1. Would you calculate a helix-derived [θ] at 222 nm for the chain, using -39,500 (n - 2.57) for each DSSP H run of n ≥ 4 and dividing by the full residue count, to the nearest 500?
2. Against the longest principal axis of the chain, how steep is helix 107-126, in degrees 0 to 90 to the nearest 10, with axes from Cα atoms?
3. Please report, in Å, the Rg and the Dmax of segment 1-132, where both are computed over Cα atoms only.
4. Hey, any idea what the orientation-averaged projected area of the convex hull of segment 1-63's Cα atoms comes to, in nm²?
5. Separation of segment 201-260 and segment 347-382 by C-alpha centroid, Å?
6. Would you mind checking segment 423-439 for residues with the amide N under 16 Å from a putative spin-label position 7 Å along Cα→C-beta of Leu161?
7. Quick one: ranking Met388, Met241 by accessible area, 1.4 Å probe, largest first, what do you get?
8. Taking each pair of distinct Cα atoms in segment 316-382 once, what is the resulting Kirkwood hydrodynamic radius in Å?
Amino acid sequence: MTLTERLPSFRTILIISTLLRIGLIFYSEWHDKHSVVKYTDVDYRVFSDAARFLLHPGSSNFAKGPLTRIFPNLRNLVGDPYTRETYRYTPLLAFFLTPNVWLYQSFGKYLFAACDILNGILLYRLLLSNVLQKPKTKDTEQKQSTGRDERETLATLYSALHLLNPLVFSISTRGSSESVLASLVLLTLYAALHRRWDAAAVLLGLSTHWKIYPVIYGVACLGVIGGADKARGWKGYTRAMLNAQTIRFTLLSAGTFVALGGACYAVWGYPFLYESYLYHIHRLDHRHNFSPYFYLTYLTYPVPDAPIVKLNLWERIVRSPLASFVPQMGLAMGTGLAFGRRLKDLPFAWFVQTVIFVIFNKVCTSQYFLWYLLFLPLLIPRLSTSAMRASIYTAVWVGTQALWLAEAYKLEFLGQNVFFGLWIRSLVYVAGNAWVLGGIMGDYTA
């Protein structure tokens, strides 16, 4: 029996994926009512509270943008989602989740799960249209007997890696909004790979408004639009990166970002600007996470009511946002310029950029892994990786996380002072992930 005959159809995979997510959402409601440890992510409650504040303005909860000074009655119509502490997202998210308040508390989870399914469909279509080679005569004959050719079977298999990934469906059904951003990014990639550059530019601007990191994908798009693969010499490369088409793409993308940000600022003012963007620039997170930067931040974190002490040069460097931002963005943008030259290499370029961005980010949690795992189904068909090497990559990727989590357990649940040991394991995590990325880059076949 061939793989085509053994593997369920893509439609069956979609049905299974949908029922799985619906079942987990029902389970989350039951579990949260009967357990102290909740299934639902704390961020989902933050989203719901922000939506409630948005719908119900009050004396201390109202929109504070310039527009409300021109139209004072607006304060009685629109609340401020940033009244909810720790809500640091676009107001659009709170707006889309207002049905959590007036319709059904799990509405947002179904929305996030639906985005998961949409992402699976987009991956399937991209695999068929841009990644997998067109079927040969033998495959056409096989399709007549099974209803599917080998290419459709492989597209089903690779897209199932996303749809049936436990990390993916558990995070969305717990109430994390990462799947919405993933949909925006995939829609951007879909438009780019089909050379709909105006649509791609607008979607990239929207993605960057939703969360700032997709801005790194712009440089790879510019190289493809300008035909950087055919450029000769630095003058030719400069002309490829700076021409009417690339300038149009940049203006459309930046214009979309500025227009959305300007509209939100007009209504909600500085709280929107600070919580959505500025906070993340100078954020100091001393709580333990995969990033090695957490320990340096922990050692130099300002203590309340402590006497003011003049910082030496090292402490100023460590506390500066540039300490993590410069190497992170330099590598992410540099790889975008290096690999963003041909249209078919765009998923690979975005994957490499995203992995680097996550590895070197000053805060890193498991949810961030979804940002680059999203591209893996599009990348696997073009990797000349043996089963042995793939097993080693997986073992190193999982093993470095397990090593870190084992030490984090001692700190989080046993209260042991293992900050230094945890930092060493964070360094191992970075080294291990960088090694895996290097291996994947070497295995990529253009």
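The values are calculated or read from the model by the stated rules, or taken from the named source; none is laboratory data. What you see is a predicted model; the values in this text were computed from it and never measured. Cβ placement follows ideal geometry from the backbone for every residue including glycine, while neighbour counts extend to all protein chains displayed. Side chains included, ligands, DNA and RNA excluded: accessible areas come from the protein's heavy atoms. Shrake-Rupley method; radii C 1.70, N 1.55, O 1.52, S 1.80 Å.
1. Result for the chain: -20500 deg cm²/dmol, rounded to the nearest 500.
2. Long axis of 107-126 versus the principal axis of the chain: about 30 degrees.
3. Over segment 1-132's Cα set, Rg and Dmax evaluate to 20.3, 71 Å.
4. Averaged projected area of segment 1-63's Cα convex hull equals 8.0 nm².
5. 20 Å
6. Only 436-439 fall inside the zone, counting backbone N under 16 Å.
7. Per-residue accessible area, sorted high to low, gives Met388, Met241.
8. After inverting the pairwise mean of 1/r, the radius is 12.8 Å.
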